[in-house]
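Structure first, then comments.
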Amino acid sequence: DLSLLRFISAELTRGYFLEHNEAKYTERRERVYTCMRIPKELEKLMFFGIFLCLDAFLYIFTLLPLRVFLAMFRFITLPCYGLRDRRLLQPAQVCDMLKGVILVICYFMMHYVDYSMMYHLIRGQSVIKLYIIYNMLEVADRLFSSFGQDILDALYWTATEPKERKRAHIGVIPHFFMAVLYVFLHAILIMVQATTLNVAFNSHNKSLLTIMMSNNFVEIKGSVFKKFEKNNLFQMSNSDIKERFTNYVLLLIVCLRNMEQFSWNPDHLWVLFPDVCMVVASEIAVDIVKHAFITKFNDITADVYSEYRASLAFDLVSSRQKNAYTDYSDSVSRRMGFIPLPLAVLLIRVVTSSIKVQGVLAYLCVVLFYCGLISLKVLNSIVLLGKSCQYVKEAKMEEKLFNPVPTATPGKSSGKSQSMFKSTHGISTDENGSTSVTNQPMHQKDNTPSLLVTSNSDQFLTTPDGEEKDISQDSSELKHRSSKKDLLEIDRFTICGNRID
């Protein structure tokens, strides 16, 4: 019999069993555990990546001047050894000299830019206008970083490629002026960013600083609700590493300028310290929330960050090989979009204008400081190299050091494999049912033989939803399609919807 009392009694006493849908609730619990692991795994990747950027940044101040001096010494003393070699200088020495000349020219050009006038010009603007300017500067900085390394690579290749005619050397001149113009403009752009941040620190009500910090949380809205694959998340992680390191350098510049205005009074440093901690904490919180929800919505495990770390470590280890085809600082620039030359030009300009060196004791302190920087660079490089070898070994990537990943040719998503070997790895799956990244088999067609030779570029850091690429066999002329893309081939920083070139 239906009655209100019986309905209320049924509502109070009815039961249910969660174990009837065990898979669903287990998956929900694993998502919670993944979100709890994200801060630790992400910060480990960020910590490693920031020290990689620091290593490339310190290289500009420490080893690059010494390498330029050795290249100039070889060039001056070349007649004493005779012209036994067709090359006057080795390609690496040519690139080092070009970097040094660009650095010196842009430094002297920055003397014509008045920092004080720029500061008062920006300070006179309204808060809303400064907020819009700062957003525009962030977008412009990413676009400059995306295209800047291509300009520098074009200069290095034009200066070092084998030339049959002497007139071909004239092509270096326009590339050189283009590179100088790029570094100068990018340095001015970063200076405007630092000046805007300095105005925000010195504002009385801190309204501009609050708006700039809230701008970081707007970034969550633009990225969390998009579809991400592993290669897209890898690119975003590299972008976040570069952005965080650049913010640290900008905060250093702001502190130097403020300390100079207050005659290096140490008490003023404690006034700036809470604002600096606030900016750093907001950046870390935004990155954690953003990556936590991206991995949650796209069913990506936290272990993927260890794979990203191994990929960055592979770049460092491969640059130490005898057959390395690029300098490590350039490799970091391509991978993360971090170009140290403009930032180094600006930092040298700020330091030389803020600190006056007078007297023998002051010059002695400068020499000791330079020796300290060299010691820090060497120590950082040794520790990073040891950690990188450990990460590469854990990821079972030693074979790739001898069989490098083929680079993509223009107009194709990926090039043909240079060396083929049979896959001996097994299949391992995670809790989400996706195959393990380090040991993934090739997806073969039904009519393809089982013992099909696979490419070495599909054995590590691949994603099951990447672009398809053709792999041809020299012996049997059999072709099959693979829907995987090696993360080691992703070496271009882009802002256009986190696309992969």
Apart from one, (1) over 19 Å from Ala56 (Cα atoms); (2) open to solvent by 60 Å² or more (accessible area, probe 1.4 Å); (3) in a helix (DSSP H, G or I) all hold for Ala362; the odd one out is (2)
Exercise. Kindly indicate whether any position in segment 304-320 is free of Cβ contacts under 8 Å to residues at least 12 places away in the same chain and open to solvent by less than 60 Å² (accessible area, probe 1.4 Å).
Key: no
With the first residue restricted to segment 323-335 and required to be within 15 Å of Leu63 (Cβ to Cβ), and the second required to be modelled with pLDDT of 75 or more and of a type outside the set (A, V, I, L, M, F, W, C), Cβ contacts under 6 Å at 6 or more apart or on different chains are Tyr328/Ser319; Ser329/Tyr59
Residue pairs within 9 Å by beta carbon, gap of at least six or interchain, first lying in segment 193-216 and more than 23 Å from Leu347 (Cα to Cα) and at pLDDT below 75, second among the charged types (D, E, K, R) and open to solvent by 20 Å² or more (accessible area, probe 1.4 Å), listed first then second, are Asn215/Glu138
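Table: residues versus (1) outside any helix (DSSP H, G or I); (2) on the phi < 0 side of the Ramachandran plot; (3) without any contact (Cβ under 8 Å) to a residue 60 or more places away in the chain.
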{"position": "Asp240", "(1), (2), (3)": "no, yes, no"}
{"position": "Glu243", "(1), (2), (3)": "no, yes, yes"}
{"position": "His268", "(1), (2), (3)": "no, yes, yes"}
{"position": "Ile284", "(1), (2), (3)": "no, yes, no"}
{"position": "Lys296", "(1), (2), (3)": "no, yes, no"}
{"position": "Ile300", "(1), (2), (3)": "yes, yes, no"}
Within segment 226-272, of all residues that are open to solvent by less than 10 Å² (accessible area, probe 1.4 Å) and among the charged types (D, E, K, R), the one nearest to the chain's Cα centre (by Cα) is Asp240
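Kindly provide the set of residues from segment 28-54 that are more than 30 Å from Phe245 (Cα to Cα) and open to solvent by 70 Å² or more (accessible area, probe 1.4 Å), ordered by number.
Arg28, Arg29
So, in segment 362-382, how many residues would count as being farther than 20 Å from Lys322 by Cα and in contact (Cβ under 8 Å) with a residue 12 or more places away in the chain? Explain how you work it out, then say what you get.
Here is the first cut: in segment 362-382, the residues farther than 20 Å from Lys322 by Cα are 362-377, 379-380.
If we keep only those that are in contact (Cβ under 8 Å) with a residue 12 or more places away in the chain as well, we get 370, 373-374, 376-377, 380.
Adding up the residues that qualify gives 6.
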### Message
I'd like to know if segment 133-155 contains one or more residues that are over 22 Å from the mean Cα position of the chain (by Cα) and not hydroxyl-bearing (Ser, Thr, Tyr).
### Response
yes
Quick check on Met117: is it buried (at least 18 other Cβ atoms within 10 Å of the Cβ) and either assigned to a helix (DSSP H, G or I) or not β-branched (Val, Ile, Thr) (or both)? no
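The values are calculated or read from the model by the stated rules, or taken from the named source; none is laboratory data. These numbers come from a predicted model, not from an experiment. No Cβ is skipped: glycine too gets one built from the backbone with ideal geometry, and neighbour counts run over all protein chains shown. Just the protein is used for accessible areas: all its heavy atoms, side chains included, with ligands, DNA and RNA removed. Shrake-Rupley method; radii C 1.70, N 1.55, O 1.52, S 1.80 Å.
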